[in-house]
Amino acid sequence: MKIKHRYGLLLVDITLSFNGKSKVIRNMVVDTGAAKTLISQKVVEDIGIHVDLHDRIVTYFGIGGKEHAFRKQIDQVQISDFTVEKVEVDFNDFGYEDINGLLGLDLLMQAGFSIDLKHLEMERDN
């Protein structure tokens, strides 16, 4: 899959499915420094993803300090030709205008992606 290079970041699109609704989440940062995938809760509200009593609250520590997110099981995440079902994803008030989240190592490694920075592509060995 092609990677977009904007704002000095590597960006891809993913598709999220939850309770029978799907949505393409654009401009996810390919972040090999993030342990978990994190998505802005604002971009998924329209498909019914909200924090509820069954969700686990998690804390992130990073350069910006301490952040909180809620972890929810999602029906399906699709990244190019890779699909994973019944996966936990974290959501929070991401706070950026054109960036909708971080595609972290949890999904990048599970998919087995190789990142080709010269050609700005991300591929899986089949």
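Conditions tested, residue by residue: (1) under 14 Å from the mean Cα position of the chain (by Cα); (2) under 17 Å from ASN92 (Cα atoms).
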site: LYS4; (1), (2): no, no
site: LEU16; (1), (2): yes, yes
site: LYS21; (1), (2): no, no
site: ASP31; (1), (2): yes, yes
site: LEU38; (1), (2): yes, yes
site: GLN41; (1), (2): yes, yes
site: GLY48; (1), (2): no, yes
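Of all residues in the range 95-124, those satisfying the criterion of being within 16 Å of LEU9 (Cβ to Cβ), at pLDDT 95 or above and either assigned to a loop (DSSP other than H, G, I, E, B) or among the hydroxyl-bearing types (Ser, Thr, Tyr) (or both) are ILE99, ASN100, GLY104, LEU117, LEU120.
For the range 52-68, check the following and say yes or no: at least one residue is small (Gly, Ala, Ser) and more than 28 Å from SER114 (Cβ to Cβ). Checked against the condition, which is being small (Gly, Ala, Ser) and more than 28 Å from SER114 (Cβ to Cβ), the range 52-68 yields at least one hit.
Of the residues PHE70, PHE82, PHE61, PHE91, which is under 12 Å from the mean Cα position of the chain (by Cα) and not small (Gly, Ala, Ser)?
Values: PHE70 fails: under 12 Å from the mean Cα position of the chain (by Cα); PHE82 fails: under 12 Å from the mean Cα position of the chain (by Cα); PHE61 fails: under 12 Å from the mean Cα position of the chain (by Cα).
Among PHE70, PHE82, PHE61, PHE91, only PHE91 is under 12 Å from the mean Cα position of the chain (by Cα) and not small (Gly, Ala, Ser).
Answer yes or no: is there a residue in the range 42-63 that is touching a Leu at 6+ places or on another chain (Cβ under 6 Å) and not in a loop (DSSP other than H, G, I, E, B). Scanning the range 42-63, I find no residue that is touching a Leu at 6+ places or on another chain (Cβ under 6 Å) and not in a loop (DSSP other than H, G, I, E, B), so the answer is no.
Mind listing whichever residues of the range 78-126 are under 19 Å from THR59 (Cα atoms), surrounded by fewer than 14 Cβ atoms within 10 Å (Cβ to Cβ) and among the charged types (D, E, K, R)? Residue satisfying the conditions is ASP93 alone. When LYS36 is tested against (1) farther than 17 Å from GLY101 by Cβ; (2) among the basic types (Lys, Arg); (3) not in a strand (DSSP E or B), exactly one condition is not met: (1). When you scan the range 78-100, do you find a residue that is among the aromatic types (Phe, Trp, Tyr) and more than 21 Å from SER22 (Cβ to Cβ), even just one? Yes; the residues of the range 78-100 include at least one that is among the aromatic types (Phe, Trp, Tyr) and more than 21 Å from SER22 (Cβ to Cβ). In the range 29-55, the residues that are basic (Lys, Arg) reach residues that are surrounded by 14 or more Cβ atoms within 10 Å (Cβ to Cβ) and assigned to a loop (DSSP other than H, G, I, E, B) with C-beta atoms within less than 8 angstrom, at least six apart or across chains, in these pairs: LYS36/GLY104; LYS42/PHE94.
Restricting to the range 11-31, name every residue that is on the phi > 0 side of the Ramachandran plot and either crowded, with 18+ Cβ neighbours inside 10 Å or at pLDDT below 95 (or both).
Taking the range 11-31 as the starting set, the residues that turn out to be on the phi > 0 side of the Ramachandran plot are 19-20, 27.
Within the range 11-31, ASN27 is the sole residue that qualifies.
The values are calculated or read from the model by the stated rules, or taken from the named source; none is laboratory data. As the structure is a computational prediction, the values presented were derived from the model and not from experiment. FYI the Cβ positions are ideal-geometry reconstructions off the backbone, even for glycines, and counts take in every protein chain you see.
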